[in-house]
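Enquirer: Got a structure here, written out as structure tokens. Questions coming.
The values are calculated or read from the model by the stated rules, or taken from the named source; none is laboratory data. Being a predicted model, the structure only gives us computed values, none of them experimental. Quick reminder, even Gly has a Cβ in these numbers, built from the backbone with ideal geometry, and neighbours come from all protein chains shown. SASA here: full protein model, heavy atoms, side chains in, ligands and nucleic acids out. Shrake-Rupley method; radii C 1.70, N 1.55, O 1.52, S 1.80 Å.
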Amino acid sequence: MESSTLTIGQIIDALSIEIFDKNTKDSFLQRCIQRENGIKQYIDICGVIMSQLIDKPGLTYKELSYWKKAKVKECMHNLVEYTAELVGELDKEKIEAYCKKITGPFSFLQDGAFMPDFTLLMLNSYYGAIYTDVYWIADLTVYEVMEISGGKFNLDELGKKTPDKIDHIKSILLTNSKVFENYKPHIDSVNEAISCYDKKFSKAFNLLLLTGIEGLTRALGRYLVNKQGLEIDSDSDDYNSLDSFLRKIPWKEELKISKTRLSLLTNSYKRVNYNDPLVVRGNPFESVSINLKVRLDFLRRRFKENRDLILHGQETEYNKSYNGFINLSALLEVLETIIECHLIHDKD
């Protein structure tokens with residue numbers, strides 16, 4: 001079914017009409033009922049997520065920045081498309097044909113009568129994609145991601161991971177000390193930030209991390225402008241903001257990343273019909289080439305908003321434990337990107 005033609009009436013009808021007799025004892029028909037119920041359940045869930053995107057709990061539309069407004073539209077589009085796909089599957093012949101496949105020679109390809117696209121639901125949820133925008137953090141657990149998507153997770157819990165994140169960063173700086181010699185002024189800021197954390201100066205800790213992240217990113221950019229032979233002045237007023245610095249400079253696509261990691265970094269997910277037991281799923285770990293702007297895309301979204309509010313004096317409660325964890329996670333991504341770029345160019 002085309003998403004552009006989907007109506008509210010069709011959704012209501014799809015949810016209210018019982019396709020199979022619920023009292024049947026036939027094992028095949030019971031499998032069909034399983035699929036029917038699964039599809040209906042997730043049509044309902046899509047509706048809940050879409051209502052959150054419309055209501056935007058805790059925010060008003062006027063408070064949404066450009067990227068948030070664009071993300072709301074993208075999420076709504078993806079969820080409407082998925083809903084239309086699910087409504088189209090609520091058909092007696094389609095359900096029977098599907099269940100025959102998964103009970104036949106291709107049964108090993110499918111775990112159950114219906115498997116929802118959890119990735120699509122999580123990456124297009126209001127709380128995950130817009131309210132928090134933290135899926136780019138690589139060490140979030142599946143449980144944490146699920147709870148965040150449902151708006152049930154206490155972000156303060158992330159603050160408990162801060163000491164481990166600091167140890168990880170110290171290890172990276174020590175192991176790659178030669179690379180970071182060229183970034184010494186900004187590494188000094190990072191080390192001073194860590195000292196502030198040890199002394200429980202939370203606001204100073206976060207402020208220094210923010211300045212260190214931007215300084216490191218710009219220093220890396222100047223390095224790449226030279227190595228990539230870009231004929232521009234990266235210190236020009238045209239690239240005054242970090243957003244314009246990353247977005248407007250024509251960086252070359254030379255960084256490698258898996259498709260799965262890319263979808264999390266960019267908070268973007270292309271639909272794959274995983275409900276078809278014959279679908280060729282491909283390799284989610286397959287590498288693609290990206291540029292610096294894409295690699296550090298998260299710095300231009302919610303992270304940028306938080307940074308601007310703090311540095312402009314509009315946000316004073318940036319001493320929360322989770323702020324430090326998120327800032328350290330952003331720093332880690334920048335440090336790893338620096339290492340990746342130097343591995344490409346320092347061998348020249």
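Enquirer: Just the number, please: carbon plus sulfur as a percent of the accessible area of the chain, 1.4 Å probe, no ligands or DNA/RNA counted. List each step's numbers first, then the result.
Expert: Details: 9360 of 18030 Å².
Result for the chain: 52 percent of the exposed heavy-atom area is carbon or sulfur.
Enquirer: Could you tell me whether the chain comes out rounded, prolate or oblate from its Cα gyration tensor? Rule is a ≥ b ≥ c as square roots of the eigenvalues, rounded for a/c under 1.5, then prolate if a/b exceeds b/c, otherwise oblate.
Expert: Values: a/c = 2.27, a/b = 1.96, b/c = 1.16.
Taking the square roots of the gyration eigenvalues as a ≥ b ≥ c, the chain is prolate.
Enquirer: Using only the heavy atoms of the protein chains and a 1.4 Å probe, how would Arg247, Arg302 rank by accessible area, largest first?
Expert: On the way: Arg247 115, Arg302 60 Å².
These residues rank, largest area first, as Arg247, Arg302.
Enquirer: Pull out a ≥ b ≥ c, the square roots of the eigenvalues of the alpha-carbon gyration tensor of region 60-214, then state rounded if a/c is under 1.5, prolate if not and a/b is larger than b/c, and oblate in the remaining case. Before the final figure, lay out each step's value.
Expert: Details: a/c = 3.08, a/b = 2.11, b/c = 1.46.
Since a/c reaches 1.5 and a/b is larger than b/c, the shape of region 60-214 is classed as prolate.
Enquirer: For region 87-204, with every protein chain kept in place, what is the accessible area per residue (1.4 Å probe, Å²)?
Expert: 53 Å²
Enquirer: Can you pull the accessible area of Glu286 for me, 1.4 Å probe, Å² to the nearest 10?
Expert: Rounded to the nearest 10, that gives 80 Å².
Enquirer: Hey, another quick one. How much accessible surface does Asp237 have with a 1.4 Å probe, in Å² rounded to 10?
Expert: 130 Å²
Enquirer: Please give me the summed charge of the neighbours of Cys46: other residues whose Cβ is under 12 Å from its Cβ, Lys and Arg +1, Asp and Glu -1. Could the numbers behind the result be given before it?
Expert: Details: positive: Lys40; negative: Asp44, Glu81, Glu85, Asp117.
With Lys, Arg at +1 and Asp, Glu at -1, the neighbours total -3.
Enquirer: For the chain, modelled as a Gaussian network with Cα springs under 10 Å, which listed residue fluctuates most, Ser268, Ser321, Ser177?
Expert: Fluctuation is largest for Ser177.
Enquirer: Scan the chain and hand back the longest stretch that contains none of the chymotrypsin sites (Phe, Trp or Tyr not before Pro) lying in DSSP loops with at most 13 other Cβ atoms within 10 Å. Before the final figure, lay out the partial values.
Expert: Working: sites that count: Phe106, Phe285.
Of all site-free stretches, the longest is 107-284.
Enquirer: Shifting gears a bit: Do any GluC sites (Glu not before Pro) in region 179-274 lie in a DSSP loop with no more than 13 other beta carbon atoms within 10 Å, and if so, which? Can you show the working numbers first?
Expert: Working: sites: Glu181, Glu192, Glu214, Glu231, Glu253, Glu254; in loops: Glu231, Glu253, Glu254.
When the GluC sites (Glu not before Pro) of region 179-274 are filtered for loop state and at most 13 Cβ neighbours within 10 Å, Glu231, Glu253 remain.
Enquirer: For the chain, set up a GNM with springs between Cα atoms under 10 Å and report which of Lys304, Lys200, Lys256 has the largest fluctuation.
Expert: Lys200
Enquirer: Let me ask another. Given a 1.4 Å probe, how much area per residue of region 32-79 is accessible, in Å²?
Expert: Details: 2450 Å² over 48 residues.
Ligands and nucleic acids excluded, the result is 51 Å² per residue.
Enquirer: With n ≥ 4 as the cut-off for DSSP H runs, can you work out [θ] at 222 nm for the chain, using -39500 (n - 2.57) per run divided by the number of residues, rounded to the nearest 500?
Expert: Numbers: 14 runs with 195 residues, N = 348.
My calculation for the chain gives -18000 deg cm²/dmol from helical runs alone.
Enquirer: Per residue of region 243-250, in order, report the coupling 6.51 cos²θ - 1.76 cosθ + 1.60 (Karplus, θ = phi - 60°) as ³J(HN,Hα) in whole Hz, putting x for Gly and Pro.
Expert: Per-residue couplings from phi come out as 4, 5, 4, 7, 7, 8, 6, x Hz.
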